[in-house]
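Asker: Following this message is one structure expressed as structure tokens.
All of the numbers you see were taken from the coordinates with simple rules; none came from a lab. Here the structure is a predicted model, which means the values were calculated and not measured. Every residue, glycine among them, receives a Cβ derived from its backbone with ideal geometry; neighbour counts consider all protein chains shown.
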Amino acid sequence: MLNPIIRLKTVLLINPPGPLYQRGEDRCQANIEESSAVSLRAPNDLAYMAAILRQMGIVPLIRDYPAEKLSWSIFENDLKIWSPDAIIMSVTTATILDDLHAFDLAKKIDPSIIAIAKGALFFSSDMKLFSRSQFASMDFALAGEAETIIHDLISGLIGQMPMSDIPGIIWKHANGEWIRNRQKEFEIDLDSIPFPARDLLKNELYIRPDTGAPQATIQTSRGCPSKCIFCLTPAISGNRVRQRSVQNIVDEIEECVSTYAIRDFFFKADTFTINKKFVIELCMEVLNRKLDIRWVANSRVDTIDLERLEWMKKAGCWLVAFGFESGDDEILRKMKKDATAADAVNAVRLVKEAGLRVYGFFMIGLPWDDHLSVEKTIRFAKKLDCDFSEIHIATPYEGTELHAIAKESGLLNDEVIGHDYFHDSTMATLFLSREEIMDYRKKGLRHIYLSPKYVIKTFSNIHSVQELRRYATYGMRMVKNVVMQTH
């Protein structure tokens, strides 16, 4: 255990140099450059913690090195200029072994700096992981909702409470042993968490993909009662839905509009539409305040109806995202999706009837997938005719039921660390190799995005030269990833 620090003045919160990944949302660790349509979102995880640190009288600094395209040398220079007392880093399962280089550099410059990491990996990781040499410079990991843990950890660092009493952390004892403390209970009163410190972010870096306008992420709720075997949500935010009040959410939206001139939003929730009364009340409040905003949200195919969608449309919603996953009902049953392909068809029909666009997510590479089921899913994705589509490769993250199934079935050819779900499969299926799964993803995206029908529809929805340029940028990225790229 580290000696308590009497004075903790400055903390640097970072996304470390390296490739673009979706780091701010532990459930979704997307490799941006390898995706077909995913856009970079603001690091709200860092901004939430920065707001907490401010309340404690500490000066926070935020630096998103990948978003700014900044190198390791810039990071080293920043450390020398700012001389932070601690560094908090957001990691992903795919990048962590490279990310940890940041702590090595920081300790070389200042051996007394406190190195803290946060990320989904720590929620359920095997403690043997920390015996690796790459973790030598790390002092703490936040194994839970970071913004609800950081206050107690800082209190421990300044000597106000013993490390052993702080829930939700993994820490290194003076004898070198890594210790996982008890889990921290999920915060029920989400309104008690301050708004993200957006004044520390370069908000212009996080944009709506089709127009290039700044887009803020608004966390509306946490938790999901669904039991999908591949999803990290039960470990990360629990099975109970915890919602912010409508007043609190719209206050944050209004702050974004008035203070930062942001009018585009992603309403982040594990399932935004799960509570019909909440959705309608939120839309009514947005309308009552005459905010004139545009936003997107996610849904499940069984938590949507025309009334909800019509209110969403009135309040500025323009796109709804669904995890359709598979076009094969047997695969859907085995993944515990608790939905059918027919439900997906109906959901798309309703969204289009309401005049909204659809973003469809599909998944291949589950243990039971074979050539027939994957081909069926690709045909289904094309049939649904979504405005945007993405195909994920099933990834058995530790802490999910899928990980246990894959391990028991002998399908884990490699550990999950270092792999991502767009181009680097971790496991085979009972019938398909990893290479076949990755080839199917490319094939599927080609069938969807390069079909004449899709191209014509997409061009018909473009209303400005700027939009045309944005679509061309994403189109070139998709072509590079699924047409030109080889193993």
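Asker: Which of (1) buried (at least 18 other Cβ atoms within 10 Å of the Cβ); (2) in a helix (DSSP H, G or I) is the odd one out, the single condition Gly144 does not satisfy?
Answerer: (2)
Asker: Testing Val286 on (1) touching a residue at least 12 places away in the same chain (Cβ under 8 Å); (2) surrounded by fewer than 17 Cβ atoms within 10 Å (Cβ to Cβ); (3) not hydroxyl-bearing (Ser, Thr, Tyr), one condition comes back false. Which one is that?
Answerer: (2)
Asker: Name the residues in region 340-362 that are among the aliphatic types (A, V, I, L, M) and surrounded by 24 or more Cβ atoms within 10 Å (Cβ to Cβ), would you?
Answerer: Ala344, Ala347, Val351
Asker: If a residue has to be in contact with a helix residue (DSSP H, G or I) (Cβ under 8 Å, 6 or more places away or on another chain) and assigned to a loop (DSSP other than H, G, I, E, B) to count, how many in region 187-207 make the cut?
Answerer: 9
Asker: Here is a further query. Please report, ordered by residue number, the helices (runs of 4 or more DSSP H) entirely within region 208-313 with at least 2 residues that are β-branched (Val, Ile, Thr) and under 29 Å from Ile364 (Cβ atoms).
Answerer: By residue number, 233-236.
Asker: Checking the condition surrounded by fewer than 22 Cβ atoms within 10 Å (Cβ to Cβ) and touching a residue at least 24 places away in the same chain (Cβ under 8 Å), which residue from Asp329, Asp305 passes?
Answerer: One residue alone meets the criteria, Asp305.
Asker: Run Asp210 past the list (1) within 21 Å of the chain's Cα centre (by Cα); (2) on the phi > 0 side of the Ramachandran plot and report the number of the one that doesn't hold.
Answerer: (2)
Asker: Taking region 96-116 on its own, how many of its residues are touching a Phe, Trp or Tyr at 6+ places or on another chain (Cβ under 8 Å) and among the small types (Gly, Ala, Ser)?
Answerer: Total satisfying the criteria: 2.
Asker: Go through region 122-143 and count every residue that is over 14 Å from Ile179 (Cα atoms) and in contact with a strand residue (DSSP E or B) (Cβ under 8 Å, 6 or more places away or on another chain).
Answerer: 1
Asker: A further question follows. Return the total of residues in region 275-307 being basic (Lys, Arg) and farther than 22 Å from Glu252 by Cα.
Answerer: 1
Asker: Right, another one. What number of residues within region 78-95 satisfy the criterion of being in contact with a helix residue (DSSP H, G or I) (Cβ under 9 Å, 6 or more places away or on another chain) and free of Cβ contacts under 8 Å to residues at least 40 places away in the same chain?
Answerer: Looking only at that region, the number is 1.
Asker: Hey, can you tell me all the residues within region 314-328 that are assigned to a loop (DSSP other than H, G, I, E, B) and over 22 Å from Arg41 (Cα atoms)?
Answerer: Hits for region 314-328 are Ser326, Gly327, Asp328.
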